[in-house]
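The structure under discussion appears below in the form of structure tokens.
Just so you know, all these numbers are worked out from the coordinates, no wet-lab data involved. Here the structure is a predicted model, which means the values were calculated and not measured. Don't worry about glycine lacking a Cβ; one is built from the backbone with ideal geometry, like all the others, and counts go over all protein chains shown.
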Amino acid sequence: MLPIEEIFAPLRAFLAERTTAILIAPPGAGKTTGVPLALLDEAWLAGQKIVMLEPRRLAARAAAMRMAEVLSEPVGQTVGYRVRGDSRVSKQTRIEVVTEGVFSRLIVDDPALEGIGCVIFDEFH
């Protein structure tokens, strides 16, 4: 069990009523890989995607790989990633881990972010 798991129920309740939350926890608590998976089936998400920003390509790939491993799936099914020069996503992808550059292009191409119900800024400084 990851330390962050104890706040999943309060986080879900909080986000059911509000649109923004800030989580602060030490490294290794499980924020990166635990939170997106915990939010995946929330009613307010209504089947839309979760997009999570990672500052580096290596971190984006690693986070997606770990979440896919937790789900016992290959990367590109429920969890995928898009970084410059590499992408593993499909029509089934519900959690997409991207770098900031990819997110910038997403928002320029579609300012309303249609089909995206949650954006998570991981390691936001």
Label-point separation, Glu123 to Phe8 (7 Å along Cα→Cβ), nm
2.4 nm
Using helices alone, I'd like the mean residue ellipticity at 222 nm for the chain: each DSSP H run of four-plus residues gives -39500 (n - 2.57), total over residue count, nearest 500.
-10500 deg cm²/dmol
So how compact is the chain: Cα radius of gyration and Dmax in angstrom?
13.7, 39
